[in-house]
Amino acid sequence: MKDQYAGHTVDVLGIGFGPSNLSLAVAHEEARSGLNMLFIDGASGPEWQPEMMLQGSDIQNNPLRDLVTPRNPRSYYGFTNYLKEKGRLFEYLNLGLHYPLRKDYAQYVTWVAEHFASIARYETRARNIRMDVDQNLWHVETDSGDIAARALVLGTGRSRKIPKFAEAALGPRVFHASDYLKRMNVLGMNLRSVAVIGASQSAVEITLDLANRLPQAEIHTIHRSFSMRQKDASPFSDYVYFPEFVDYFFRVGDEARENLSRQLRGTNYSAADHDVLHKLMLTLYEERLDRRQRIHIRNNTAVETLVSDANGASLTLKEQHLGDVETLNVDAVILATGFRDLGHGEGDELFPELLADVAPHLARRGGGALKVERDYAVACDAGLALYLNGLCESSHGLGDAGSFSLLSMRSADILASLEAKLIAPSQSHRHPVLAETTDAI
């Protein structure tokens, strides 16, 4: 079906309509910006982490760090007002939760997105991006036609990190955690053994879910480190989620950024929250009381090879320190291996795949990765405006690592930059709510 915007020009086209670009849409409305915006997304409707809506799972994030509150605490679109509008505020407060349920936050994201249905086009996937230098426009080829825009904001999320040993084995029986519920619903309840690769929050949550979902199955959780580590949740470490840290991180040199990233990795990566680690340990202990062992924690273990067919998968495992090698045959393998960053490190992407055709025209850092400015813009030799929204951990720090923590502040930065580039000063009509919150950054 041809979209009404096909063949027309918009000021700003947002590619992806998850939390990052949704937050930008909220900031745009509250600023009463003179720009017109359109957002496209390949999904069938508003959704957030649909494959990880596990029973009892939470968001590991302060609920007030939502789509808007750090930027504008008086906003209609905050999580607290969502609860009020849904008639659940007192019920939620009565729960005494430290973090909200993931299901609740997903419904919050959907509730906000529904208010912006008029500027969102779902089931519209961007296929290719090219530049029209003569018209000073971007052209985005989609499923439903070509859309021209004066500026692009990529909020597509990071691509999956697939270990090299698993690339050739991907299929119905070997899949990434971001497909978890969809694939499990197809495989059904008759799995006898499952391997989970990784030691992240997702790996622990999936291990627990499998133990509950498949009461007769053997579950093998495989990771290279000695232990499943607890996230560094120190309030001192959490300064990485302050706007001031973004300024600091952006100003330091590349070597210092890499050093800081190594120091702070435990706040978000290859680690899990205390509650799920404790629950897993309690489950293991209870199994010992019942004189059974269904969950096998294979630490210090690397996967050497992985092959799969229609009936299952076979892994060659090597103990990291003793050198012992064994073969493990399972019905399915789940890769809780995270997502790729933009950068030039091992496993990183130099640029999002969608930008492949225009990448030669974009500014680069040492090593070939995109050079992102403080306002999240990427300079283009044709002078066209391009922004990365939620893809800039290597340049802006852990607040850009898929967390809600700073996305409302980031949206304010991007909107202010868009207005400065696309609207003449005499035409700008920024609303005071946005002006006073962004000026305080």
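Please treat every number below as a calculation from the coordinates, not as lab data. Keep in mind the model is a prediction, meaning the values are calculated, not measured. Cβ placement follows ideal geometry from the backbone for every residue including glycine, while neighbour counts extend to all protein chains displayed.
Summary table below
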item: The range 294-380, relative contact order [Cα under 8 Å, separation at least 6], %; result: 15 percent
item: Point-charge dipole on Cβ atoms (K/R +1, D/E -1) for the chain, about Cα centre, debye to 20; result: 660 debye
item: The chain, relative contact order [Cα under 8 Å, separation at least 6], %; result: 23 percent
item: Per-pair calculated FRET efficiency, R0 = 41 Å: Asp179 and Leu289 via Cβ, rounded to 0.05; result: 0.75
item: Inter-label distance, nm, simple model (7 Å from Cα along the C-beta direction), Tyr269/Leu282; result: 3.1 nm
item: Label-point gap, in nm, between Gln216 and Ser234 - each point 7 angstrom along Cα→Cβ; result: 4.9 nm
item: Formal net charge of residues neighbouring Val109 (Cβ-Cβ distance under 15 Å; K, R +1; D, E -1); result: -4
item: Whole-number percent relative contact order across the range 72-171, with pairs defined as alpha carbons under 8 Å at least 6 apart; result: 13 percent
item: For the range 144-237: rounded, prolate or oblate by the Cα gyration tensor [a/c cutoff 1.5]; result: oblate
item: Sparse-neighbourhood loop sites, GluC sites (Glu not before Pro) in the range 58-129 - DSSP loop, at most 16 other Cβ within 10 angstrom; result: Glu123
item: Count of Lys pairs (Cα-Cα under 26 Å; at least 8 positions apart or interchain) in the chain; result: 15
item: Sites Asn94 and Gln135 - FRET efficiency at Förster radius 35 Å, r taken between beta-carbons, to 0.05; result: 0.05
item: Neighbour-count ranking [beta-carbon atoms within 10 angstrom, fewest first] of Met281, Met53, Met409; result: Met281, Met53, Met409
item: Within the chain, percent of DSSP bridges classed antiparallel, to nearest 5; result: 50 percent
item: The range 210-258 - charge dipole about Cα centre, Lys and Arg +1 at Cβ, Asp and Glu -1, debye rounded to 20; result: 340 debye
item: Added length on full extension, which subtracts the Cα-Cα distance from 0.36 nm per residue, Asp143 to Glu167; result: 5.9 nm
item: Rounded if a/c under 1.5, otherwise prolate or oblate - the range 11-129, Cα gyration tensor axes; result: oblate
item: Dipole of the chain, positive direction: furthest Cα of Leu322, Pro73, Ala211, with charges on the beta-carbon; result: Ala211
item: Restricting the range 232-292 to trypsin sites (Lys or Arg not before Pro) in coil, as DSSP defines it, with at most 16 other Cβ within 10 Å; result: Arg291, Arg292
item: Candidate values (1) 22.8, 76; (2) 30.2, 90; (3) 22.6, 66, label of the one derived for Rg and Dmax of the Cα atoms in Å; result: (1)
item: Gyration tensor (alpha-carbon) shape descriptor, the range 84-174, a/c threshold 1.5; result: oblate
item: Along the chain, longest interval not containing exposed chymotrypsin sites (Phe, Trp or Tyr not before Pro), exposed being DSSP loop plus at most 15 other Cβ atoms within 10 Å; result: 237-441
item: Those trypsin sites (Lys or Arg not before Pro) in the range 153-210 that DSSP places in a loop and that have at most 15 other beta carbons within 10 Å; result: Arg192
